[in-house]
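Asks: Sending over a structure as structure tokens; questions will come in a sec.
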Amino acid sequence: MFHSELLTIFPNSQHQALENSRKEAIALSLENNGELGLLISKVGGFGYFPKDEIYPVNSDGQPLRLLAQLNFSELPPLKDYPTKGLLAFYIDEFDDLLGCDFENPLNRVGYKVLYFPECDEELAYSKGELEDLFRRFSEIERYPVVNEEYQLIGTLENQYVTGDSVEFESTYKSEFYNFFEKAYPDPDEAESKMEELFDIDISSPNSIGGYPSFTQTDPRIRMPEFKDDQLLFQLSSTDYGNDVQVIWGDSGIGNFFIHPIDLVNQDFSKTWYNWDCY
């Protein structure tokens, strides 16, 4: 976090509000370490899935695909989050909207978030068995976000409210663009300050917790019933050449949201999801 740079962008009158918005998150880096085990924190590939659970499918009976899984025993501890167990995110790659119902995010037919407090690999499907679930659908067109599998490595970082979001409006009592127009009456200066903000690497685009990022608009703004929900997990389009590639549509980003009380209670059944792109 380039905190000192933020202080030159935000007016002095808002420095305390900026500081008060500081929030710890887990920044996630993606590494191409070849084939990974079923319990590793990862994006893509195949993950841990116990045989006594029903594997998630879409309305056509096609299996949902693992987007990511988080093994909390491998990750730094984060307030209100589990310290053990595995949280898995599944989406529908047979759907060009990737299982997301933008009008009704509570329609979870095309995605599933599952938490396994205890993991016993001996009672789980093997990689080969999971591959078999998809084999008979191999001729059907897919829209993969991740073609390979990449290990997730987590480190703690501090994040601040800086982007156009529900949190921005509640922190600074103003909509994003109005905020800069009022702070800097000269239109050229206001535009310059916003461009400076867009140009710096404010926080990790891939994270657990913290504040969300969007290529379009925060869906919670048009759906106020979700305004209290917070970011659970975020995965951004990433292109490290041939090493790591994650693509949401046209260079977009995916966000999963949860109510703070549900997070504390480790109830991930009401988690909802959104993605957007340029």
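Asks: Quick test for you: out of 182, 193, 270, pick the one residue that is at pLDDT 95 or above, among the basic types (Lys, Arg) and open to solvent by 20 Å² or more (accessible area, probe 1.4 Å).
Replies: Values: 182 fails: at pLDDT 95 or above; 193 fails: at pLDDT 95 or above.
That would be 270, the only listed residue that is at pLDDT 95 or above, among the basic types (Lys, Arg) and open to solvent by 20 Å² or more (accessible area, probe 1.4 Å).
Asks: Which members of region 1-58 meet the condition of being part of a helix (DSSP H, G or I) and within 30 Å of residue 122 (Cβ to Cβ)?
Replies: The first filter runs over region 1-58 and keeps only residues part of a helix (DSSP H, G or I), leaving 3-9, 12-20.
Within region 1-58, no residue meets the criteria.
Asks: Condition check: open to solvent by 60 Å² or more (accessible area, probe 1.4 Å), out of contact with any Asp or Glu (no Cβ under 9 Å at 6 or more places or on another chain) and more than 19 Å from residue 41 (Cα to Cα). Does residue 93 satisfy that?
Replies: Working: open to solvent by 60 Å² or more (accessible area, probe 1.4 Å): no; out of contact with any Asp or Glu (no Cβ under 9 Å at 6 or more places or on another chain): yes; more than 19 Å from residue 41 (Cα to Cα): yes.
Considered against the rule, which asks whether it is open to solvent by 60 Å² or more (accessible area, probe 1.4 Å), out of contact with any Asp or Glu (no Cβ under 9 Å at 6 or more places or on another chain) and more than 19 Å from residue 41 (Cα to Cα), residue 93 comes out as no.
Asks: Scanning region 15-36 for residues that are in contact (Cβ under 8 Å) with a residue 60 or more places away in the chain and more than 25 Å from residue 170 (Cβ to Cβ), which turns out most open to solvent (accessible area, probe 1.4 Å)?
Replies: Within region 15-36, the match that is most open to solvent (accessible area, probe 1.4 Å) is 35.
Asks: Name every residue in region 198-244 that is in a helix (DSSP H, G or I) and modelled with pLDDT under 90, in order of residue number. Lay out the reasoning, then the answer.
Replies: Taking region 198-244 and keeping what is in a helix (DSSP H, G or I), we get 198-199, 219-222, 224-226.
198, 199, listed by residue number.
Asks: Under 7 Å by Cβ, and 6 or more places apart or on different chains, what pairs join a residue from region 166-179 that is under 14 Å from residue 212 (Cα atoms) with one that is of a type outside the set (Gly, Ala, Ser) and assigned to a helix (DSSP H, G or I)?
Replies: 166/220; 166/221; 168/176
Asks: Would you check if residue 238 is in contact with a Cys (Cβ under 7 Å, 6 or more places away or on another chain), more than 19 Å from residue 24 (Cα to Cα) and surrounded by fewer than 22 Cβ atoms within 10 Å (Cβ to Cβ)? Give the steps one after another, and end with the answer.
Replies: Working: in contact with a Cys (Cβ under 7 Å, 6 or more places away or on another chain): no; more than 19 Å from residue 24 (Cα to Cα): yes; surrounded by fewer than 22 Cβ atoms within 10 Å (Cβ to Cβ): yes.
No: the conditions fail for residue 238.
Asks: I'm checking my understanding of the structure. Among residues of region 116-142 that are of a type in the set (A, V, I, L, M, F, W, C) and assigned to a loop (DSSP other than H, G, I, E, B), which one is least open to solvent (accessible area, probe 1.4 Å)?
Replies: Initially, region 116-142 is screened for residues of a type in the set (A, V, I, L, M, F, W, C), giving 116, 119, 123-124, 130, 133-134, 137, 140.
Still in the running and assigned to a loop (DSSP other than H, G, I, E, B): 119, 137, 140.
Numbers: 119: 52, 137: 21, 140: 70 Å².
Only one residue fits best here, namely 137.
Asks: Are any residues in region 245-278 closer than 21 Å to residue 154 by Cα and either part of a strand (DSSP E or B) or of a type in the set (Asp, Glu) (or both), and if so, which ones?
Replies: Listed by number, the residues that qualify are 245, 246, 253, 254, 255, 256, 257, 258.
Asks: I've got another one for you. Among all residue pairs at least 6 apart or on different chains, which show Cβ distances below 8 Å where the first residue, located in region 136-154, is closer than 30 Å to residue 77 by Cα and the second is open to solvent by 80 Å² or more (accessible area, probe 1.4 Å) and in a loop (DSSP other than H, G, I, E, B)?
Replies: 149/35
Asks: Ok, one more. Looking for something of a type in the set (Phe, Trp, Tyr), within 13 Å of residue 47 (Cβ to Cβ), at pLDDT 95 or above and assigned to a strand (DSSP E or B) - is there at least one such residue anywhere in region 96-115? First the steps, then the outcome.
Replies: Restricting attention to region 96-115, the residues satisfying the condition of being of a type in the set (Phe, Trp, Tyr) are 102, 111, 115.
If we keep only those that are within 13 Å of residue 47 (Cβ to Cβ) as well, we get 115.
Still in the running and at pLDDT 95 or above: 115.
Of the ones still in play, those that are also assigned to a strand (DSSP E or B) are 115.
Yes, region 96-115 contains a residue that is of a type in the set (Phe, Trp, Tyr), within 13 Å of residue 47 (Cβ to Cβ), at pLDDT 95 or above and assigned to a strand (DSSP E or B).
Asks: Further question on the same structure: Is it true that residue 169 is assigned to a helix (DSSP H, G or I) and within 27 Å of residue 78 (Cα to Cα)? So that I can check it myself, show each step before the final result.
Replies: Working: assigned to a helix (DSSP H, G or I): yes; within 27 Å of residue 78 (Cα to Cα): yes.
Taking the combined requirement at face value, the residue satisfies it.
Asks: Something else: What pairs can you find where one residue is in region 65-92 and more than 21 Å from residue 130 (Cβ to Cβ), the other is open to solvent by less than 20 Å² (accessible area, probe 1.4 Å) and in a loop (DSSP other than H, G, I, E, B), and their Cβ atoms are less than 6 Å apart, with a gap of 6+ or different chains?
Replies: Pairs that qualify, where the first residue is more than 21 Å from residue 130 (Cβ to Cβ) and the partner is open to solvent by less than 20 Å² (accessible area, probe 1.4 Å) and in a loop (DSSP other than H, G, I, E, B), are 72/82; 72/85; 78/209.
Asks: Here's another thing I want to ask about it. Any chance region 143-154 includes a residue that's out of contact with any His (no Cβ under 9 Å at 6 or more places or on another chain), under 30 Å from residue 40 (Cα atoms) and loosely packed, with under 12 Cβ neighbours inside 10 Å? Lay out the reasoning, then the answer.
Replies: Applying the first criterion (out of contact with any His (no Cβ under 9 Å at 6 or more places or on another chain)) to region 143-154 yields 143-154.
Checking the rest, the ones that are also under 30 Å from residue 40 (Cα atoms) come to 143-154.
Remaining after also requiring loosely packed, with under 12 Cβ neighbours inside 10 Å: 147.
Yes: one or more hits.
Asks: Those residues that are surrounded by fewer than 17 Cβ atoms within 10 Å (Cβ to Cβ) and either at pLDDT below 95 or under 20 Å from residue 165 (Cα atoms) (or both), I need them from region 249-267; list them, please.
Replies: Across region 249-267, the qualifying residues are 250, 251, 260.
The values are calculated or read from the model by the stated rules, or taken from the named source; none is laboratory data. Keep in mind that what you see is a predicted model, and the values were worked out from it rather than measured. Using ideal geometry, Cβ is built from the backbone for each residue, glycine included, and neighbour counts are taken over all protein chains shown. For accessibility, only protein heavy atoms count, side chains too; no ligands or nucleic acids. Shrake-Rupley method; radii C 1.70, N 1.55, O 1.52, S 1.80 Å.
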